[in-house]
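A quick write-up on the structure given underneath.
Every read-out reported here was derived from the displayed coordinates using simple, explicitly stated rules and does not represent laboratory data. Computed from a prediction, not measured in an experiment: that's the story for all the values here. Cβ sites come from the backbone with ideal geometry, for glycine too, and all protein chains shown count toward neighbours.
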Number of protein chains: 2
Amino acid sequence: MGTTKAENFTDRQNRLAQMMKALGHPARIAIIQELLNAKTCICNELVNELGLAQATISQHLKELKNVGLIKGTVEGTSTCYCIDPKGWKQYRQQMDAFFVSYEGKNNCC
Amino acid sequence: MGTTKAENFTDRQNRLAQMMKALGHPARIAIIQELLNAKTCICNELVNELGLAQATISQHLKELKNVGLIKGTVEGTSTCYCIDPKGWKQYRQQMDAFFVSYEGKNNCC
DNA sequence: CGCATTCATCGTAATATTGCAATTAATATG
DNA sequence: CATATTAATTGCAATATTACGATGAATGCG
């Protein structure tokens with residue numbers, strides 16, 4: 001085991017979980033925040049800022065790219081990463097939809 | 001390794017990541033949605049609904065309780081779980097704050 | 001009390017994740 | 001062209017997660 005039984009759940013549930021999971025690591029939160037604060041593309045500066053090895057940062061960037069939160073464009077020898085507006089918007093909508101679903105419901109305990 | 005280097009990040013980043021992670025599994029998403037749809041406490045019905053062993057559900061419930069999203073109250077031999085309004089609200093605020101931080105910023109690529 | 005029901009916990013197996021050093025690929029620069 | 005720089009990839013080691021069966025604790029019921 002150690003494997004999630006994805007077949008027990010709906011596609012929607014699996015996707016939502018995957019989105020949450022992508023942000024379920026402080027390094028990936030930190031990367032996003034760095035990208036936001038710099039207001040610009042950052043590349044290997046993340047390695048300097050975050051105190052993790054280059055290979056590790058690269059891996060986290062890949063995961064963030066996979067879920068569509070960021071995109072990377074090659075610029076010479078370095079790569080420029082920044083928020084993907086579309087992916088970000090979708091994320092926000094999904095999150096909102098999830099959390100909104102509770103509002104106004106009365107609890108039993 | 002396999003261990004997150006939490007000391008590299010701020011408390012806030014670690015906490016936010018932990019919150020995301022708690023919802024980063026389809027079973028836990030499904031549990032929350034079950035609790036929402038039922039509008040009432042559910043206990044071992046989750047085991048029937050979700051197709052996972054009782055021990056597994058119990059573990060997921062524990063994690064959701066740990067991050068404050070749900071609370072459980074013992075009722076006889078069974079236990080009633082439901083959304084914790086306070087925890088839910090805090091979650092929502094944190095998520096909102098995170099996603100809002102991008103709005104209106106111009107991207108470079 | 002004796003037994004059933006419900007759920008938490010423990011122990012364990014299988015798999016996933018995190019992190020790094022080393023290597024590779026691609027581009028720039030002298 | 002030779003070398004340096006940047007970042008992706010590969011291959012590992014250590015730890016975490018997921019899932020389950022078995023067991024235990026608590027409560028309800030005959």
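For the reader, a short list of remarks on this structure follows.
- Taken about its Cα centre, the range B:12-52 carries a charge dipole of roughly 380 debye when the Cβ of each Lys and Arg holds +1 and the Cβ of each Asp and Glu holds -1.
- What separates the A:Thr79 label point from its copies, with the point 7 Å along Cα to Cβ, is 4.3 nm, written shortest first.
- Packing rank of A:9-15, A:64-70, B:5-11, where each peptide gets the mean count of other beta carbons within 10 Å, highest leading: A:64-70, A:9-15, B:5-11
- Taking 28 Å as the limit for the C-alpha separation, the pairs A:Lys65/B:Lys86; A:Lys21/B:Lys65; A:Lys5/B:Lys86; A:Lys21/A:Lys89; A:Lys89/B:Lys71; A:Lys5/A:Lys71 exceed it in the case of A:Lys65/B:Lys86; A:Lys5/B:Lys86; A:Lys89/B:Lys71; A:Lys5/A:Lys71.
- Peptide-level mean, for A:87-98, of C-beta atoms on other protein chains within 10 Å: 3
- The Cα atoms of the range A:26-86 give a gyration tensor whose axes a ≥ b ≥ c have a/c under 1.5, which makes the shape rounded.
- Across chain A, the relative contact order, built from alpha-carbon pairs under 8 Å that are at least six residues apart, equals 22 percent.
- For the residues of A:12-24, the average number of beta carbons from a partner chain within 10 Å of their own beta carbon is 6.
- Other-chain or far-sequence residues with amide H under 5 Å of A:Asn44's (modelled H): A:Thr79
- Per-residue shielding of B:30-38, expressed as the average number of other chain Cβ atoms within 10 Å of the residue Cβ, stands at 3.
- Here B:Lys5 yields copy-to-copy label distances, from shortest upward, of 3.8 nm, the label point defined as 7 Å from Cα along Cα to C-beta.
- Helix B:85-100 and the longest principal axis of the C-alpha atoms of chain B enclose an angle of approximately 30°.
- Euclidean distance between Cα centres, the range A:46-77 to the range B:1-70, Å: 27 Å
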